[in-house]
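Have a look at the structure below, then the notes.
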Amino acid sequence: MTGEQDTLSIAEAASEAARILRLSGVPEARREAASLLAYTISQTRAFLLTHPEHLLAPPDVSRFRQMVARRAAGEPLQYIKGRQEFFG
């Protein structure tokens, strides 16, 4: 994520983040990118899937990029979000 665009769609942001995380060796890069994006915009992952064209506000793009960079640098997802997701 280069910082050149002030707005991105959900689909664009998720794709870029997944690519960055995958190149950084993050397991389940797509899932983690979606989790960070949903957290950033205070929406569910279902919202991301049903509204791929939704444009993110510039402050959200900046915040999301910062979180993706932290995760790509190896910081655990739970530390970035401040909570652990549980499935079950």
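Just so you know, all these numbers are worked out from the coordinates, no wet-lab data involved. No experiment lies behind these values; they were computed from the predicted model shown. Counting neighbours? That spans all protein chains shown, and the Cβs are built from the backbone with ideal geometry, glycine included.
Worth pointing out:
- Range in the chain, longest, excluding exposed chymotrypsin sites (Phe, Trp or Tyr not before Pro) [loop by DSSP; at most 11 other beta-carbon atoms within 10 Å]: 1-85
- Test item: Cα-centred dipole of region 39-79, Lys/Arg +1 and Asp/Glu -1 on Cβ, debye: 120 debye
- Both radii were evaluated on the Cα set of region 18-65; the Rg over Rh quotient, with Rh as the Kirkwood radius, amounts to 0.97.
- Neighbour cut-off at most 13 other Cβ (10 Å), DSSP loop, trypsin sites (Lys or Arg not before Pro), region 29-88: Arg83
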